[in-house]
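The values are calculated or read from the model by the stated rules, or taken from the named source; none is laboratory data. This is a predicted model, so every value here is computed, not measured. Using ideal geometry, Cβ is built from the backbone for each residue, glycine included, and neighbour counts are taken over all protein chains shown. These accessible areas exclude ligands, DNA and RNA; they are computed on the full protein's heavy atoms, side chains included. Shrake-Rupley method; radii C 1.70, N 1.55, O 1.52, S 1.80 Å.
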Amino acid sequence: MKRNLLFSGLLLVIGAGLVRAQVPDSPSPVRPSSPTASPAPQAVPSSPALPKNTTSPLGMELPFFDPGTEVITWGGKSWNVMNQRIFQSRFEKYLSAPEQTSEEHLAYNGIIKNILELLSPENTDNRKAYQAFVLLFRASAYDADANMCGTLGSAVVTAMHAHRNQAQIANTIDEMKKEIQHQQALATMWAASQNTMASSSSTGKSTAPGPIVKPGEMKQGFAIKEATTLQAQIGVFTARREVSALQARIQFQALMVQFFVQRRFQHVVIACQLYPHLFPEGDGALKLDGQSKQFFTKDVGVPPTVTTLQSFASEAMRDVREGVQAYLYLAEHNEMESATKRLGEAFVVGEYMPEIRTLSRDKKRLALAFLQRSNRLISALEVRDYTQADVVLKELETSAKDFDATKPRAAIETARRISGMHLARARNAAIAGDQKTFETEIRSATEIWPLNPALAEATGNIFAAGDMQAKALTDLDQLLSHGNIRQIFNDKLRFIAAAATSPAHQEKLRKILEDMQKVETAIAKAEEYTKRGDAAGAWEAVERAARQFPDDVKLNQLRGNLSSEAAGFVQSLKTAQQLETHGQTGSSLAWYLKAQRQYPLSEFAREGIERLVARLLPQS
């Protein structure tokens, strides 16, 4: 799945979740102030109240795909595109699903195609854009759309409301400016009147007793205050207008990128073509962070814009169409390995594209059959079942003429040769009575090919000749009667070979080996804890296993040694358990808490506390 770097940006959507934008609330509708009313003074902001994290309006960076390693990095974590748990299970589900060619799906695809045609750059008539907008809500009624078109239509309505709010704010500002001019004219008039009254008082023409009353001065001050308050309101409304325009653009861009992350490329193109109709005066730049921004600016050499996003979406749609066509051609020529890869690549990029969803189930099952055989081959090689691997490999070579069988064939033949060599040496050692060499060679042959049919045959012949098998089975029965499973485990290779022709012994031996594997795992875990100086953790690991296998000598010996090394913690825990057994819940809880303080990572203490808390507070 090697891509050039330009198209690799399209695969950054794999495994991605939804990217949600953080936008401010929409402003309330603005009404023009009455010319006679005096609005309350408000503080004038120095700049628009922008939403937080304006450098990344989408709230996070996009996932980034490395085409060289097929690894995606997002949110500080990395994973491989072809990881079976993420990709293969979803791909196999798609290959098994029926094609979406019902009347409902065909009608939905027709509406989407009609919307794209109406929004084509050749259609400059705004009425075409309005017709496409109406069709969005028709498309949202179909289940295949998952209400994507409805969400896009709602975003268009929100943008329209934002434009209407801006127009209302602009009208309000114009009315305020007119009122400011009126108040300034009144202030000038009252100032001139005041000057005239002052001149008359100085010439002695005034006959009014007492101080000269200046009513014009109060009216002049009121007019100046009114003009200042209105000027402050203009600043507030101007800031609100800028925020309204910014938030509408950010919200719509976030939805576009969300569609891209979800691989809804048709919806991306629709949103990008609606964008200039909704924001003709704004730029189309997208604000991204981290590797996402670097991909556009450094690797691709273009700024992240609505146009580049639409270009990538269109390229993805074209690549999906070509991928499906390539799959059909390769499948027709029985080249199923390449065909399955091409379909997998197309599915990863455009899972929701019509070309992917309408591909017939019969044609998809060709890829599913190849994929299932490939998985069977991998599983057989992993468990070294080379007999089954050989059968599956021949099926793959027949069903896919382009399948490269070189490596699995070499693994099978190498295992056969080496296992045969060890069996021959074991046979010679048995004849010579060299039990040590015999056991070593049998062990080596078993490790290389556990299910080798020649192994049971060879060991059967060898034991029949030297009576070694009968003796081994007798020893096994004696150890079973005494319950000495530790000795059976220590000599397991000998007994495995001896039980090759005895199904009853095989079943008993299998159960013993499974149990002892759990014991050995607990011992290894305890030893690892001990190396780290965690005696309490080591004791817990051994104690949990000892409760399941109380008769194992090695486990009990290690359990006793660790009990002394973590004596305080062990004593607290056992005291808590004894008190719990006798129904003394409060005291038991106190000792469990003490044990947890002594060893905060204790699972026994945590489990005891949870049991007692549930008993004391059942409602919670």
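For the structure I just gave you, tell me whether Lys364 is touching a Leu at 6+ places or on another chain (Cβ under 9 Å) and either assigned to a helix (DSSP H, G or I) or open to solvent by 20 Å² or more (accessible area, probe 1.4 Å) (or both).
For Lys364, the condition - touching a Leu at 6+ places or on another chain (Cβ under 9 Å) and either assigned to a helix (DSSP H, G or I) or open to solvent by 20 Å² or more (accessible area, probe 1.4 Å) (or both) - is met.
When you scan the range 487-508, how many residues do you find that are over 21 Å from Lys554 (Cβ atoms) and part of a loop (DSSP other than H, G, I, E, B)?
Result for the range 487-508: 1.
For the range 600-619, name all the residues that are among the charged types (D, E, K, R), without any contact (Cβ under 8 Å) to a residue 24 or more places away in the chain and either over 18 Å from Gly537 (Cβ atoms) or open to solvent by less than 90 Å² (accessible area, probe 1.4 Å) (or both).
Residues satisfying the conditions are Glu607, Glu610.
Being under 31 Å from the mean Cα position of the chain (by Cα), at pLDDT 85 or above and open to solvent by less than 40 Å² (accessible area, probe 1.4 Å): is that true of Phe87 here?
Against the criterion (under 31 Å from the mean Cα position of the chain (by Cα), at pLDDT 85 or above and open to solvent by less than 40 Å² (accessible area, probe 1.4 Å)), Phe87 does not qualify.
Can you pull out the helices (runs of 4 or more DSSP H) entirely within the range 242-345 that have at least 2 residues that are at pLDDT below 85?
Passing ranges, in order: 265-278, 290-294.
Just a yes or no: is a residue in the range 571-584 farther than 15 Å from Arg544 by Cα, touching a residue at least 24 places away in the same chain (Cβ under 8 Å) and charged (D, E, K, R)? Walk me through it before giving the result.
Taking the range 571-584 as the starting set, the residues that turn out to be farther than 15 Å from Arg544 by Cα are 571-572, 575-576, 578-584.
Remaining after also requiring touching a residue at least 24 places away in the same chain (Cβ under 8 Å): 572, 576, 580.
Next, only the ones that are charged (D, E, K, R) stay: 580.
So far as the range 571-584 goes, yes, one or more of its residues are farther than 15 Å from Arg544 by Cα, touching a residue at least 24 places away in the same chain (Cβ under 8 Å) and charged (D, E, K, R).
Would you check which residues across the range 140-154 are over 17 Å from Glu351 (Cα atoms) and free of Cβ contacts under 8 Å to residues at least 60 places away in the same chain and list them?
Answer for the range 140-154, where residues must be over 17 Å from Glu351 (Cα atoms) and free of Cβ contacts under 8 Å to residues at least 60 places away in the same chain: Ser140, Ala141, Tyr142, Gly150, Gly153, Ser154.
Name every residue in the range 376-390 that is open to solvent by 30 Å² or more (accessible area, probe 1.4 Å), in a helix (DSSP H, G or I) and touching a residue at least 12 places away in the same chain (Cβ under 8 Å), in order of residue number.
Arg376, Leu381, Thr387, Gln388, listed by residue number.
Evaluate the following for Ala429: is it under 30 Å from Gln262 (Cα atoms) and among the small types (Gly, Ala, Ser)?
Answer is no for this residue.
Within the range 406-419, can you find the residues that are open to solvent by less than 20 Å² (accessible area, probe 1.4 Å) and among the β-branched types (Val, Ile, Thr)?
Within the range 406-419, the first condition is being open to solvent by less than 20 Å² (accessible area, probe 1.4 Å), and the residues that meet it are 408, 412, 415, 419.
Residue satisfying the conditions is Ile412 alone.
Please indicate, with yes or no, whether at least one residue in the range 532-543 is closer than 30 Å to Asp475 by Cβ and part of a helix (DSSP H, G or I).
Applying the first criterion (closer than 30 Å to Asp475 by Cβ) to the range 532-543 yields 542.
Subset that is part of a helix (DSSP H, G or I): 542.
Yes: one or more hits.
For the range 118-138, indicate whether the set of residues that are in contact (Cβ under 8 Å) with a residue 12 or more places away in the chain, among the aromatic types (Phe, Trp, Tyr) and open to solvent by 40 Å² or more (accessible area, probe 1.4 Å) is non-empty.
yes
In the set Ala146, Ala192, which member is closer than 23 Å to Glu104 by Cα, open to solvent by 50 Å² or more (accessible area, probe 1.4 Å), at pLDDT 65 or above and out of contact with any Ser or Thr (no Cβ under 7 Å at 6 or more places or on another chain)?
Criteria check complete, one pass: Ala146.
In the range 519-561, which residue that is within 17 Å of Ala595 (Cβ to Cβ), acidic (Asp, Glu) and touching a helix residue (DSSP H, G or I) at 6+ places or on another chain (Cβ under 7 Å) is surrounded by the fewest Cβ atoms within 10 Å (Cβ to Cβ)?
Glu543
Can you tell me which residue in the range 576-599 is surrounded by the fewest Cβ atoms within 10 Å (Cβ to Cβ), limited to those that are of a type outside the set (S, T, N, Q) and more than 22 Å from Asp534 (Cα to Cα)?
Out of the qualifying residues, it is Gly583.
Looking only at the range 346-361, which residues are in a helix (DSSP H, G or I) and closer than 19 Å to Met148 by Cα?
Hits for the range 346-361 are Val349, Pro354, Glu355, Ile356, Arg357.
Matching residues to (1) more than 12 Å from Arg416 (Cα to Cα); (2) at pLDDT 85 or above:
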position	(1), (2)
Ala445	no, yes
Pro453	no, no
Glu457	yes, no
Ile462	yes, no
Gly466	yes, no
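If you go through the range 509-518 one residue at a time, do you hit one that is out of contact with any Gly (no Cβ under 7 Å at 6 or more places or on another chain), open to solvent by less than 30 Å² (accessible area, probe 1.4 Å) and not in a helix (DSSP H, G or I)?
So far as the range 509-518 goes, no, none of its residues is out of contact with any Gly (no Cβ under 7 Å at 6 or more places or on another chain), open to solvent by less than 30 Å² (accessible area, probe 1.4 Å) and not in a helix (DSSP H, G or I).
Which residues, taken from the range 391-405, are surrounded by fewer than 18 Cβ atoms within 10 Å (Cβ to Cβ) and either in contact (Cβ under 8 Å) with a residue 24 or more places away in the chain or assigned to a helix (DSSP H, G or I) (or both)?
Val391, Lys394, Glu395, Glu397, Thr398, Ser399, Lys401, Asp402, Asp404
Within the range 306-357, take every residue that is hydroxyl-bearing (Ser, Thr, Tyr) and out of contact with any Asp or Glu (no Cβ under 8 Å at 6 or more places or on another chain) and give me the one that is farthest from Asp143 (Cα to Cα).
Tyr329
Within the range 493-508, track down each residue that is crowded, with 16+ Cβ neighbours inside 10 Å, within 14 Å of Arg443 (Cβ to Cβ) and touching a residue at least 24 places away in the same chain (Cβ under 8 Å).
Of everything in the range 493-508, those that are crowded, with 16+ Cβ neighbours inside 10 Å, within 14 Å of Arg443 (Cβ to Cβ) and touching a residue at least 24 places away in the same chain (Cβ under 8 Å) turn out to be Arg494, Ile496, Ala497, Ala498, Ala500.
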